[in-house]
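The values are calculated or read from the model by the stated rules, or taken from the named source; none is laboratory data. Computed from a predicted structure; not experimentally measured. Cβ sites come from the backbone with ideal geometry, for glycine too, and all protein chains shown count toward neighbours. All accessible areas refer to the heavy atoms of the entire protein, side chains included, with ligands and DNA or RNA removed. Shrake-Rupley method; radii C 1.70, N 1.55, O 1.52, S 1.80 Å.
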Amino acid sequence: MRLTDVMSNLGLGIYPILALPLFIGVFVGVVMRVSKRSRRSELHRAGGLPLEEGELVSRGTACEQASGSGRA
Amino acid sequence: MAANEEHAVSVGAEAKAANAGHGADGPVGPMETFKYDDAIVRKFMGVTVLWALVAFLVGLIVALELIVPVATTYEVAGFRPFAFLAPLSFLVDTKWLTFGRLRPLHTNAAIFAFAGNAIFAAIYYSTQRLCKARMWSDKLSNLHFWGWQLIIVLAALSLPLGLTQGKEYAELIWPIDLLIALVWAGVFGTNYFMTLRVRRERHMYVALWFYAATIITVAMLHVFNSLALPASLTRSYPVYAGVQDAMIQWWYGHNAVAFFLTTPFLGLMYYFMPKAAGRPVYSYRLSIIHFWSLIFIYIWAGPHHLHYTALPAWASTLGMLFSVMLWMPSWGGGINGLLTLRGAWHKLTDDPILKFFVVGVTFYMMSTFEGPMLSIKSVNALSHYTDWTIAHVHAGALGWNGFLAFGMIYWLLPRLYQTPLFSKKLAEWHFWLATLGILLYIIPIYFGGITQGLMWRAFDQTGTLQYPDFVETVMRLMPFYGIRVIGGTLYFLGTILLAYNLVRTWMKRPKVYDEPVYSAPRLLPFADPAAPAFKTRLPDNIGLGKKGDVLVQHITSVWWHRAWEARPAKLAILSFLAVATASALELIPTFLIRSNVPTIASVQPYTPLELGGRDVYISEGCYNCHSQMIRPIWAETKRYGDYSKPGEFVYDRPFQWGSRRLGPDLAREGGLRSNIWHVLHFENPRQTSPQSIMPAYPHLLKDEIVWEEIDRSVLTHAMLGVPYPKEVRDGLSTQLAQTQAKAIADDIVAAGGPAGLENKQVVALIAYLQRLGTDINKPAPAAPAAATPVASTAP
């Protein structure tokens, strides 16, 4: 008795078939969740993240201690 | 906010108030200051351009190799217009430079050296900024950089030497594979996920998700596809054989395109396009859907599993549906990228960066439309093995990966070298040269590929093949191949302009780079004040029921998902689960259910000499031009003989089905030609087939067989379960191999060929070729040598 024999008798052939709807289901869940209205402000802010770099404290050159906002 | 600027550290409450603008949910800690590590980005960016030059140059060389043998002798009216290419003939008969050895170098350099370093540059630049944190460890960053370059150099040395595992895009030998796993997962992965852990921005921007999925999935693909048993320091045999090896390999190949060339570049797009356009991505919501749909669907859309597992028709249809569904997120994602430029289209006219991005995204949409189309069975029947695939991948690699990388580099150059770009005009020139170059590359190759496919299946009125001579179909490609070289040259020239621009910008850099200091509050452990506290609605129930009810409320409120998104470890686990589950469910049936690969009683293991010949075949990369898989299509069985059965490959480690036919299929080569024909053909294919573009292999007639290697090879196969009961006994396999070699060498002499070949590699290779595809017509041995019972033979 080898692993192959065990696995052959488990009827695993059904798995891919079960998994397809399962995956569609999860995916639809994600889409529904992302579309929730309550997330609008959070997502709006998150969308702008690439344009932030953090607050600039100094330019990092010895003489020039500039301060100001680093945000674009 | 100004209040906090001079204080590196302030109390949590203050910081929280100051940080109100960040809108992050959850408490924040004291202010912290930090610097970004841009030195590492400069390094990765520099080598990206360097390896781009190498990858494209090697591409040009292999493109030339396909035309030189024929072009130099091409005559019109007694005149040879392409005689000037004659000095390049050495490319076709120098053993280190033959097509079979150099093409893997080209693909590996383009994918892992050029695209790889480009995504590392993108990831190191954007991750730090999106996390408002320096990379977790500078040491690991540098170890990653130098480790990866070492891998590339080792690849560039080993592939021309013929050291290969013989699996496409996974050619590198096992010690290099180990190094890749170590550098990718151990060094890069650790550094990346630890950076996410110490980040100062609660929300993980979608680009970070794309990067995380890339790191995890590529690690998984690489490890499982590379599982092999070493026979020596440079040689190993996969633990999978035949159909299973093919399944694993194309599971790897298909998803490597998804997770090495797509997801990280999408992360790049979602970060650098908004940067270049100066406005946020058009729809952030759509980008999240884009992410999850790629993770969930891509693995499934691999069409290969549909061909070899016994899926019922409706499941097969569902699978097709997945492929078609992939169109939506890909196009949604592409449009999302393009619409990021809303209101900024006027900038396009004089901004080469935006031009590169827009055309790059357009190529993404084109390729993701074409990909699922190519997976439709009827289209695939025509396109598979032809150059259509080559055109498709170049639209993707040159158009999508190349242009996104170039756009990013031009955007980074002034910022990283802290001086204006040397020449915007040259960047414009680069854009136009590259665009023209791509078009001159892909359009002729599309034509060529389709022509090839149509010629292979063309029949005349009498029902015989219209082009029975394979070489004729190759000849028809020559003009297309010629134009391709011109297109490739333009693209290469464009890249030289980029390199020049980079060097000149670098020369203007300041003596010392500024290192700006930033500040942001530290994040405290996530505890969302807005998180609902659930109470059971079942006061009369038993304890377990109450707990269950709370759990149900938790799950249905989907609050957990927000917490998951905010935690790198959990996000990583979730995407890993999605990808791993899909893969497991897809692969397990082929692996562990016997009926999927019916054994054929008459198919026996290779003899020791044939095994040695197979090693030569792998080492020379013959699979780059020759397939060994005849599909059940009339035009193919007519041309090559009976179609290939899964059971014929059970001793093939690795499988050598190939993916492209520049030469005829060899699955039924055994017995087709005489031994002496093969000798002459390998010495110089033009001796037997005047118009052949196959490289010459005179060295095979000189290089000696290393008998101990054959011994080790047999032993390793035996350890992997190949039934070699007696061959593994001390020295017996050498003896068997020498006897067989002597017989072939004698036959060659008898036919008037050269003497003294009995210990030369060519004899081993011929032994292998003469065996190919012959077992199926032999009677089954009286007592099956295999210990495993025979399930069934193909009807």
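Tabulated data for the structure shown
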| item | result |
| --- | --- |
| Boolean, residue B:487 is in a helix (DSSP H, G or I) and either small (Gly, Ala, Ser) or outside the structural domain of residue B:427 (by TED's automatic domain parsing) (or both) | yes |
| Conditions (1) touching a strand residue (DSSP E or B) at 6+ places or on another chain (Cβ under 7 Å); (2) open to solvent by less than 70 Å² (accessible area, probe 1.4 Å); (3) at pLDDT 85 or above: number failed by residue B:12 | (3) |
| Residue within the range B:51-72 that is open to solvent by 40 Å² or more (accessible area, probe 1.4 Å), of a type outside the set (Phe, Trp, Tyr) and over 20 Å from residue B:152 (Cβ atoms) present | no |
| Pairs, first modelled with pLDDT of 95 or more and among the β-branched types (Val, Ile, Thr) in the range B:730-757, second open to solvent by 40 Å² or more (accessible area, probe 1.4 Å) and outside any helix (DSSP H, G or I), C-beta under 7 Å, six or more apart | B:749/B:755 |
| Some residue of the range B:751-768 being open to solvent by less than 30 Å² (accessible area, probe 1.4 Å), in contact with a Pro (Cβ under 9 Å, 6 or more places away or on another chain) and among the hydroxyl-bearing types (Ser, Thr, Tyr) | no |
| Verdict on residue B:233 being surrounded by fewer than 23 Cβ atoms within 10 Å (Cβ to Cβ), outside any helix (DSSP H, G or I), touching a strand residue (DSSP E or B) at 6+ places or on another chain (Cβ under 7 Å) and of a type outside the set (D, E, K, R) | no |
| Whichever residue in the range A:22-45 is among the charged types (D, E, K, R) and within 7 Å of chain B (Cβ to nearest Cβ) and, among such residues, is nearest to residue B:325 (Cα to Cα) | A:33 |
| Qualifying residue in the range A:50-63 (condition: under 16 Å from residue B:287 (Cβ atoms), at the interface with another protein chain (Cβ under 7 Å from one of its Cβ atoms) and at pLDDT 75 or above) | yes |
| Residues located in the range B:437-483, provided they are in contact with a strand residue (DSSP E or B) (Cβ under 9 Å, 6 or more places away or on another chain) and either among the aliphatic types (A, V, I, L, M) or without any contact (Cβ under 8 Å) to a residue 40 or more places away in the chain (or both) | B:458, B:465, B:466 |
| Some residue of the range B:507-517 being open to solvent by less than 80 Å² (accessible area, probe 1.4 Å), outside any loop (DSSP other than H, G, I, E, B) and not assigned by TED's automatic domain parsing to the domain that holds residue B:387 | yes |
| Among (1) more than 14 Å from every other protein chain (Cβ to nearest Cβ); (2) open to solvent by less than 40 Å² (accessible area, probe 1.4 Å) - the single one residue B:204 does not satisfy | (1) |
| Qualifying residue in the range B:346-356 (condition: open to solvent by 10 Å² or more (accessible area, probe 1.4 Å), part of a helix (DSSP H, G or I) and among the aromatic types (Phe, Trp, Tyr)) | no |
| Within the range B:28-94, helices (runs of 4 or more DSSP H) holding 3 or more residues that are within 30 Å of residue B:144 (Cβ to Cβ) | B:39-65 |
| Residue within the range B:211-225 that is open to solvent by less than 10 Å² (accessible area, probe 1.4 Å) and more than 29 Å from residue B:37 (Cβ to Cβ) present | yes |
| Candidates B:615, B:652, filtered to the one that is closer than 24 Å to residue B:717 by Cα, surrounded by fewer than 23 Cβ atoms within 10 Å (Cβ to Cβ), among the acidic types (Asp, Glu) and in contact (Cβ under 8 Å) with a residue 40 or more places away in the chain | B:652 |
| Complete set of residues in the range A:21-59 that are in a strand (DSSP E or B) and either among the small types (Gly, Ala, Ser) or touching a Pro at 6+ places or on another chain (Cβ under 9 Å) (or both) | A:56, A:57, A:58 |
| Yes/no for residue B:109 being part of a helix (DSSP H, G or I), in contact (Cβ under 8 Å) with a residue 40 or more places away in the chain and either open to solvent by 30 Å² or more (accessible area, probe 1.4 Å) or of a type in the set (A, V, I, L, M) (or both) | yes |
| Failed condition for residue B:245, given (1) farther than 29 Å from residue A:28 by Cα; (2) open to solvent by 10 Å² or more (accessible area, probe 1.4 Å) | (2) |
| Residue within the range B:375-386 that is of a type in the set (A, V, I, L, M) and open to solvent by less than 20 Å² (accessible area, probe 1.4 Å) present | no |
| Some residue of the range B:238-260 being part of a strand (DSSP E or B) and either within 14 Å of chain A (Cβ to nearest Cβ) or in contact with a helix residue (DSSP H, G or I) (Cβ under 8 Å, 6 or more places away or on another chain) (or both) | yes |
